[in-house]
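Notes to accompany the following structure.
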Amino acid sequence: MQLLIKRGQRRAMGGKHVFDLWVQYELTLEEQGLIHKYGLENFVLTLGNVKRDIVKSVLYAWVLSLLVLLFASSFTTQAWELSLLVLVGGSVGIYNQIRETIKVKDIIHGRSFACGSVVALIEREDNFTKMATLFHRFLNATQTWGGKEVIKIESDYETPFRVIEPHHAAE
């Protein structure tokens, strides 16, 4: 597995700089087979703030649907239906664009993220590198799924051997 990263920069409304980060896992055929075999596409790699993302997406879609209602009411009698459609469809679409929950399929197909600062860009890039390492370990573990794996744990620290005897024992 390889982690592909693309960095970019753009100006948002108000002249503010936004840094873009695009990430994708490039998988071997064996890794793709494991993901398909165990249905890992919809597994969550990291959770975001789902409640906040849903509230934001509904609020943005609500504003958009009000604008559609105001504009369409002068042209059609079905403005309410159109407005409701924009509210529901817009909420789903906006949520998928702003959500911070990351699923395996997002990274397999490639996903873009906006960062407000250089530090946030680097931190997010580091997080994706760590996430890729852990996911790769997880994929390797699926090769022995249902079986037994023995992992030998050894300490790097050598314990000093000490004999503790009562004071009168040496006599």
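Read-outs throughout are calculated quantities, based only on the coordinates presented, and are distinct from any laboratory measurement. Note that the structure is a prediction, hence the values are computed from the model and not measured. Cβ atoms come from the backbone with ideal geometry, glycine included; neighbour counts cover every protein chain shown.
Could you list H136, H17 so that the one with the fewest beta carbons within 10 Å of its beta carbon is first and the one with the most is last?
Ranking H136, H17 by Cβ neighbours within 10 Å, fewest first, gives H17, H136.
Return the FRET efficiency for the residue pair F75, H17: r is the Cβ-Cβ distance, R0 is 41 Å, and the value is rounded to the nearest 0.05.
E(calc), rounded to 0.05, equals 0.55.
Give, in nm to one decimal, the length gained when the segment between I5 and V88 is fully stretched (0.36 nm per residue of separation minus the Cα-Cα distance).
That works out to 26.6 nm of additional length.
Going by average Cβ neighbours within 10 Å, how do the peptides 107-113, 8-14 rank, with the highest at the top?
107-113, 8-14
Please report Rg over Rh for region 48-98, where both radii come from the alpha carbon positions and Rh follows the Kirkwood definition.
Working: Rg = 11.9 Å, Rh = 11.0 Å.
Result for region 48-98 is an Rg/Rh of 1.08.
Consider the candidate values [x] 15.9, 53; [y] 20.7, 62; [z] 26.2, 109; state which one is Rg and Dmax of the Cα atoms in Å computed from the structure displayed.
The value computed from this structure is option [z].
Going through the cross-link list K56/K105; K130/K152; K105/K152; K51/K105; K16/K56, which pairs have a Cα-Cα distance over 31 Å in this structure?
Correct reply: K105/K152.
How many nm is it between the label spots at H109 and Q32, if each spot is 7 Å from the Cα in line with the beta carbon?
Rounded to a tenth, the inter-label distance reads 1.5 nm.
Restricting to Cα pairs below 8 Å that are 6+ residues apart, what does the relative contact order work out to for region 4-159? Please round to a whole percent.
Once divided by the residue count of region 4-159, the mean separation gives 33 percent.
How large is the helix-only mean residue ellipticity at 222 nm for the chain, computed as the sum of -39500 (n - 2.57) over DSSP H runs with n ≥ 4, divided by its residue count, in deg cm²/dmol to the nearest 500? Don't skip to the answer; put the middle values down first.
Working: 5 runs with 84 residues, N = 171.
That comes out to -16500 deg cm²/dmol.
In degrees from 0 to 90, rounded to the nearest 10, what is the angle of the helix 50-72 Cα long axis to the longest principal axis of the chain?
Compared with the principal axis, the helix lies near 10 degrees.
Taking the 0 to 90 degree range and rounding to the nearest ten, how far is the long axis of helix 118-142 tilted relative to the main principal axis of the chain, both from C-alpha atoms?
60
How high is the FRET efficiency between T46 and D156 when r is their beta carbon distance and R₀ equals 30 Å, given to the nearest 0.05?
Values: r = 30 Å, r/R0 = 1.00.
FRET efficiency, T46 to D156: 0.50.
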